[in-house]
Amino acid sequence: MSTAARQRWPEGPRPVLFVAPPLWFCGSSLGCLELAAALEARGSATCVLTTARGRLQPAATPHAPVVALPWLAAPGLSAFAPLVLGRRLRALQPEVVHAHGVAQLPLARRLARALGRPLAVTVYHRGGDERPAWVDWRGVGAIVTFSDHLKQDLVNRRGAPRARVEVVRAGTQPPAHTTEPLEDPERPPVLGTLVECAKPGSTDVLLRAVRRLLPTRPRLQVLLAMDSESPQTAVRRQIERLGLRRQVTICAVERLQPVLEVMDVCVLPRVEEGPGQPLLEALAAARPVVVGASGAAYDVVRDEETGLLFRPDDEQELAHAIERLLDRPDWARELGRAARRFVTEHCSIERAVDDLRETYRRLGVRPDAT
């Protein structure tokens with residue numbers, strides 16, 4: 001029996017077909033799952049097609065169905081996707097095929113052509129030396145990104161047709177209730193971070209900063225939250241090398257909100273993917289955040305208003321920022337509350353869904369289908 005046949009496919013119709021990256025613990029995966037769940041909740045039935053998924057779950061319910069087909073990741077085999085999956089995909093009756101990430105664009109383009117449906121793509125990253133700047137945009141009806149400066153990057157450096165680029169600001173759903181950080185002076189303070197499986201090195205600067213803080217704050221604890229599938233060997237090796245085994249706990253998570261509640265301060269050394277969905281969820285949970293200053297962080301963090309920014313890879317500056325929050329817990333809590341207000345007012349998942357549905361309508365997708 002084929003892999004496609006063994007999968008539990010959802011019943012049609014499913015007007016929105018997401019072609020997603022491997023759904024491990026990273027910003028693009030979280031953003032994709034949250035948006036799919038929000039579309040589902042608004043009556044836009046959505047199916048997520050991916051090559052692999054971990055146990056990570058979106059905060060919103062109901063969850064959109066996910067079909068994971070590992071063979072799609074094999075070089076050359078994705079060319080057979082329209083042939084192998086054609087009958088099942090036609091049964092879903094998708095109105096639009098939406099690639100989440102430039103890497104998913106070739107597969108999504110093949111599926112859109114085979115189905116005769118419009119194609120959209122969400123771009124999570126800026127172009128850079130490590131990624132080809134130019135992208136083949138042929139056949140793409142809508143190019144979705146998260147901010148005006150990302151739009152400029154797409155147009156000026158990656159050859160995107162300006163008229164097709166849509167800014168759809170990312171969103172999340174703040175939890176109904178949150179705990180207050182740094183409220184109990186008797187409890188050791190907990191620093192937390194969210195480790196993307198593909199970027200275990202992102203913990204380096206945080207662990208070095210913690211080592212700087214320990215002589216004056218020996219009770220400090222660190223929580224590294226990661227997908228249950230994330231490789232932990234490199235991280236554990238670094239923890240041992242820095243002598244932090246007693247201070248650091250590694251926790252495999254399925255949902256972010258419960259683990260965010262444990263954190264007194266959330267540290268995100270790098271926010272590289274689009275809106276930084278883990279950052280949005282930390283802000284929505286009223287956590288005081290310390291974030292590496294980058295374009296994506298500037299979109300949602302106002303320094304000393306909704307969080308603190310530090311120069312990426314500067315362990316001394318990071319340690320100082322953490323110390324400021326621990327020294328002034330009332331101020332830290334106010335930063336967290338301001339962050340939650342900012343997300344509620346400017347980064348609602350409802351607005352993101354409305355904007356995306358309008359983008360689909362401009363592609364000619366039937367309004368009653370989305």
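The values are calculated or read from the model by the stated rules, or taken from the named source; none is laboratory data. Please read these numbers as outputs of a predicted model, since none were measured by experiment. Cβ atoms come from the backbone with ideal geometry, glycine included; neighbour counts cover every protein chain shown.
With respect to Pro82, determine if the residue is at pLDDT 90 or above and assigned by TED's automatic domain parsing to the domain that holds Asp354.
In short, yes.
Of a type in the set (Gly, Ala, Ser), outside any loop (DSSP other than H, G, I, E, B), buried (at least 17 other Cβ atoms within 10 Å of the Cβ) and under 18 Å from the mean Cα position of the chain (by Cα): is that true of Ala352 in this structure? It would help to see each step written out before you state the result.
Values: of a type in the set (Gly, Ala, Ser): yes; outside any loop (DSSP other than H, G, I, E, B): yes; buried (at least 17 other Cβ atoms within 10 Å of the Cβ): yes; under 18 Å from the mean Cα position of the chain (by Cα): yes.
Spelling it out, Ala352 is indeed of a type in the set (Gly, Ala, Ser), outside any loop (DSSP other than H, G, I, E, B), buried (at least 17 other Cβ atoms within 10 Å of the Cβ) and under 18 Å from the mean Cα position of the chain (by Cα).
In the stretch 157-171, what residues are under 18 Å from Gly276 (Cα atoms), modelled with pLDDT under 90 and surrounded by fewer than 20 Cβ atoms within 10 Å (Cβ to Cβ)?
Across the stretch 157-171, the qualifying residue is only Arg169.
Residues are listed down the side, and each one gets a yes or a no for (1) at negative phi; (2) at pLDDT below 95; (3) assigned to a helix (DSSP H, G or I); (4) buried (at least 24 other Cβ atoms within 10 Å of the Cβ):
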position	(1), (2), (3), (4)
Cys32	yes, yes, yes, yes
Ser44	yes, yes, no, no
Arg55	yes, yes, no, no
Pro58	yes, yes, no, yes
Ala99	yes, no, no, yes
Pro106	yes, yes, yes, no
Arg126	yes, yes, no, no
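Which residue, of Val102, Val84, Val96, is over 26 Å from Gln277 (Cα atoms) and among the β-branched types (Val, Ile, Thr)?
Val84
Which of the strands (runs of 3 or more DSSP E) found entirely inside the stretch 185-261 contain at least 2 residues meeting this: modelled with pLDDT under 95 and surrounded by fewer than 17 Cβ atoms within 10 Å (Cβ to Cβ)?
Numbers: elements: 190-195, 221-227, 248-253.
Hits in the stretch 185-261: 248-253.
When you look at Asp330, is it at pLDDT 90 or above, over 18 Å from Glu261 (Cβ atoms), touching a Leu at 6+ places or on another chain (Cβ under 6 Å) and not small (Gly, Ala, Ser), yes or no?
Judged against the criteria, Asp330 is not a match.
Which residues, taken from the stretch 280-317, are at pLDDT below 90 and in a helix (DSSP H, G or I)?
Within the stretch 280-317, Gly295, Ala296, Ala297, Tyr298 qualify.
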